[in-house]
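Some notes on the structure that comes next.
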Amino acid sequence: MPAALARRDFLKLGAAGLGGFAFPPCVGAALAQAQTVNIVGAAAASGAALQEIMKTEGFFKKFGIEPNIISVADGSKLMGAVIGGSSDIVVISGFSQVLAAIEKGARIKLVAATRFLVDDVIYSKRPEIRRLKDVEGRTFGTGSPGALLHHMTVALMRKKGIDAAKVRFVNIGSSTDVFRAVVAGTVDAGIALNDVYGQQAHYGVHALDDGLVYDELPEYTYQASYSSDRAIAGKRDLLTRTLAAYGTLWRFIQGPDSKDAFVRARIAVTNSTTGGAEGATEWEFVQKHKPYANGLVLSEERVNYMQQINLELGLQKRMLPYDQVADMTLAQDALKLMA
């Protein structure tokens, strides 16, 4: 079974050599004395594997960064770390709750796109549950209300004409934890990652016929990066180099030479005998769909789509101007470093 990376203390990530990538001279000056950046992320195995690739391929080191990374069990806790100042940036996260918080006065902004396409799938072990309609009156595992897993599940249900009010949502935590609950039968169905799609027989579950979220809801923007206004003003160069490091990761993992590193990382962060197979499944998905944001910039159109969902769900009361919720100049500067 995929295991969440249950490290709640800060992780010091070392760096190894990076083959196949050339970096601009301006980055070289930054390497003389690495700066520490505090990054917080959700403790799902998929995110942990990405951080492992960042370590083994040396992307942080090449941009003069020494990261402190803390993992939390629930995506809703990410924003609090940024607002409170214990984290400089969240790089891999759903962001519907960020938009709602900005409306309420939070001094934070979206600074980059991370991943456009969802890779989640809705699973069940109940043989009578075959379509989303079948989960009405049942328990359904997600994260906290309004956070990523819950948000996109409700968005999909609304799109398909299913009354989400008839579903008993259960806050399980990360997608990895949700999948555990589905396998254990703790919930009747739940939303988890595509990486276990090829292991359904092994775990005794099945994907719902209309439960491939990436096919059913392609307009939904999965993840973005965000930071506080304070960090953007005081650590702009550091945040820019952090985005450049991750942008380099997105380009690397979507290229054909990344499979070995991708699978090794998945094995390294899980205690599962199926870790290699899950990593290969996810890598093939990435190669086929190219879901990550090589260009880093999150468009106004995509932000407004997510705000519209928030409005429909009652998470926001009004549509906010793009420049109030987003600052893409850091992403644009990061792209120059990556050129």
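The values are calculated or read from the model by the stated rules, or taken from the named source; none is laboratory data. Note that the structure is a prediction, hence the values are computed from the model and not measured. When we count neighbours, we look across all protein chains shown, and the Cβ atoms used for this are built from the backbone with ideal geometry, even at glycine.
The listed residues are Arg107, Arg168, and the only one of them that is of a type in the set (D, E, K, R) and over 30 Å from Thr36 (Cα atoms) turns out to be Arg168.
Taking into account only those residues within region 256-288 that are surrounded by 15 or more Cβ atoms within 10 Å (Cβ to Cβ) and outside any helix (DSSP H, G or I), which is nearest to the chain's Cα centre (by Cα)? Within region 256-288, the match that is nearest to the chain's Cα centre (by Cα) is Thr270.
Taking only pairs six or more apart or across chains, which ones have beta-carbon atoms under 8 Å, a first residue in region 209-226 that is in a loop (DSSP other than H, G, I, E, B), and a second residue that is of a type in the set (Phe, Trp, Tyr) and crowded, with 16+ Cβ neighbours inside 10 Å? From residues that are in a loop (DSSP other than H, G, I, E, B), the pairs are Thr221/Phe95; Thr221/Phe116; Tyr222/Phe116. When Tyr246, Tyr226 are screened for being of a type outside the set (Gly, Ala, Ser), modelled with pLDDT of 95 or more and in contact with a Leu (Cβ under 6 Å, 6 or more places away or on another chain), only Tyr226 passes.
Name the single residue, out of those in region 292-319 being modelled with pLDDT under 95, part of a loop (DSSP other than H, G, I, E, B) and not polar (S, T, N, Q), that is nearest to the chain's Cα centre (by Cα). Among those residues, the one meeting the criterion is Leu315.
Residues in region 186-203 that are of a type in the set (Gly, Ala, Ser) and over 18 Å from the mean Cα position of the chain (by Cα): Ala189, Gly198, Ala201. Close Cβ contacts (under 7 Å, 6 or more residues apart or on different chains) running from residues in region 180-207 that are farther than 21 Å from Ala277 by Cβ and small (Gly, Ala, Ser) to residues that are modelled with pLDDT of 95 or more and in a helix (DSSP H, G or I) comprise Ala189/Val135; Ala189/Val182. Among the numbered conditions (1) among the acidic types (Asp, Glu); (2) within 17 Å of Gln223 (Cβ to Cβ); (3) surrounded by fewer than 20 Cβ atoms within 10 Å (Cβ to Cβ), tell me where Glu312 comes up short. Just one mismatch for Glu312, condition (2). Of the set (1) surrounded by 19 or more Cβ atoms within 10 Å (Cβ to Cβ); (2) outside any helix (DSSP H, G or I), all apply to Leu337 but (2).
For region 66-79, the set of residues classified as at pLDDT 90 or above and under 18 Å from Tyr226 (Cβ atoms) consists of Pro67, Asn68, listed by residue number. Considering the conditions (1) modelled with pLDDT under 95; (2) on the phi > 0 side of the Ramachandran plot, Ser175 is excluded by exactly one of them, (2). The residues in region 177-208 that are more than 19 Å from Pro145 (Cβ to Cβ), assigned to a helix (DSSP H, G or I) and either out of contact with any Gly (no Cβ under 9 Å at 6 or more places or on another chain) or of a type outside the set (A, V, I, L, M) (or both) can be counted, and the count is 13. Just one residue in the set Val135, Val118 is at pLDDT below 95, buried (at least 23 other Cβ atoms within 10 Å of the Cβ) and not aromatic (Phe, Trp, Tyr); that residue is Val118.
Hey, among the residues in region 182-204 that are hydrophobic (A, V, I, L, M, F, W, C) and surrounded by 22 or more Cβ atoms within 10 Å (Cβ to Cβ), which one's modelled with the lowest pLDDT? For region 182-204, the residue satisfying everything is Leu193.
Condition check ((1) polar (S, T, N, Q); (2) at pLDDT 95 or above; (3) farther than 30 Å from Asn294 by Cβ) across all residues:
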site	(1), (2), (3)
Arg131	no, yes, yes
Thr139	yes, yes, yes
Gly146	no, no, no
Met152	no, no, no
Val170	no, yes, yes
